[in-house]
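To start, the structure under review is shown below, and the notes come after it.
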Amino acid sequence: MSRTPIIAGNWKMNKDVKAANELITALIPLVKDATCECVFCPPYIDLPEAVHLTKDTNIGIGAQNMHWEDHGAFTGEIAGEMLKALGVKYVIIGHSERRQYFAETDETVNMKTKKALELDMTPITCCGETLEERESGKAQEIVVNQIKNGLKDIKDITKVVVAYEPIWAIGTGKTASNAEANEACGWVRKTIQEMYGEDAAEAVRIQYGGSVKPSNIVELMEEPEIDGALVGGASLTADFAQIVNYDKK
Ligand code: PEP
């Protein structure tokens, strides 16, 4: 089965509305012939402008987080329903920075992933181990448990995009080797196969994330288990187009 590659830029807490407008305007013509699904995930305040600017383009807009409830007393939170109403189509869930700084757990990741699917949005659900966990030989166990708990009881797993992001490779300039990245994406697929069967595992798309840049995207995308990338730092300039256009080099 062939899986459509998906490359998403996670802007994190960078770019105000004006800067977002400039970057998106620069990128629209540069990524227009992309063969992969191309997604930008700017901060919340940029989303209305981003959706507006990318209307009738091949770019999908995603949020970096959402709440699983539709409304209520959750100061500072944004509901998935609100994103959906704006025209946001994707949402990053359980990024390691959310887990580390904002106490996200596999349980909240599971609730958010289910809610995003219920709203017909594509969750980009993240997993990945710390350096300490990798060095002590626990990486596989950690990733498998994150998938088992974060993605349990999902109605249509094939609509979820999983991002495997080893925490030690995020924003550090240290990329996992191609073999390490492929192996870990394989752990994710195998776990999904055990939970949901062979066909689902074959269909689900798994991204690698962690210091992806124009110079390493081609070789990462050659790995059989890797179906795309979640890109932080290198998504903040128009050079992101070189990553999206990896197959045109
Ligand atoms: C990320 O934030 O998801 C990420 C992978 O960041 P970077 O590409 O900067 O390592």
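The values are calculated or read from the model by the stated rules, or taken from the named source; none is laboratory data. Quick caveat, the model's predicted, so the values are computed rather than measured. Every residue, glycine among them, receives a Cβ derived from its backbone with ideal geometry; neighbour counts consider all protein chains shown. Quick note on the areas: whole protein, heavy atoms, side chains included, nothing else; ligands and nucleic acids left out. Shrake-Rupley method; radii C 1.70, N 1.55, O 1.52, S 1.80 Å.
Things worth noting here:
Here's the yes/no breakdown for (1) surrounded by fewer than 20 Cβ atoms within 10 Å (Cβ to Cβ); (2) within 16 Å of the ligand (Cβ to nearest atom); (3) under 16 Å from residue 68 (Cβ atoms); (4) of a type outside the set (Phe, Trp, Tyr):
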position: 91; (1), (2), (3), (4): no, yes, yes, yes
position: 96; (1), (2), (3), (4): no, yes, no, yes
position: 115; (1), (2), (3), (4): no, no, yes, yes
position: 123; (1), (2), (3), (4): no, yes, yes, yes
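- Subset of the stretch 203-228 (residues that are more than 13 Å from the ligand (Cβ to nearest atom), among the charged types (D, E, K, R), out of contact with any Cys (no Cβ under 6 Å at 6 or more places or on another chain) and part of a loop (DSSP other than H, G, I, E, B)): 222, 223, 227
Residue-by-condition table, conditions (1) in contact with a helix residue (DSSP H, G or I) (Cβ under 9 Å, 6 or more places away or on another chain); (2) without any contact (Cβ under 8 Å) to a residue 24 or more places away in the chain:
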| site | (1), (2) |
| --- | --- |
| 26 | yes, no |
| 39 | no, no |
| 52 | no, yes |
| 66 | yes, no |
| 71 | yes, yes |
| 119 | yes, no |
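- Residue 47 meets all of the listed conditions (1) part of a helix (DSSP H, G or I); (2) surrounded by fewer than 21 Cβ atoms within 10 Å (Cβ to Cβ) but one, namely (2).
- Scan the stretch 12-27 for residues that are outside any loop (DSSP other than H, G, I, E, B) and crowded, with 16+ Cβ neighbours inside 10 Å and the total you get is 5.
Yes/no per residue for (1) buried (at least 19 other Cβ atoms within 10 Å of the Cβ); (2) assigned to a loop (DSSP other than H, G, I, E, B); (3) away from the ligand (no atom under 16 Å from the Cβ):
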residue	(1), (2), (3)
62	yes, no, no
71	no, yes, yes
110	yes, no, yes
140	no, no, yes
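- Residues of the stretch 155-192 that are open to solvent by 60 Å² or more (accessible area, probe 1.4 Å), among the small types (Gly, Ala, Ser) and assigned to a helix (DSSP H, G or I): 179 alone.
- Meets criteria (in contact (Cβ under 8 Å) with a residue 24 or more places away in the chain and away from the ligand (no atom under 16 Å from the Cβ)) for residue 191: yes
- Hey, residue 196 under 20 Å from residue 90 (Cβ atoms), more than 11 Å from the ligand (Cβ to nearest atom) and of a type in the set (Ser, Thr, Tyr) or not: no
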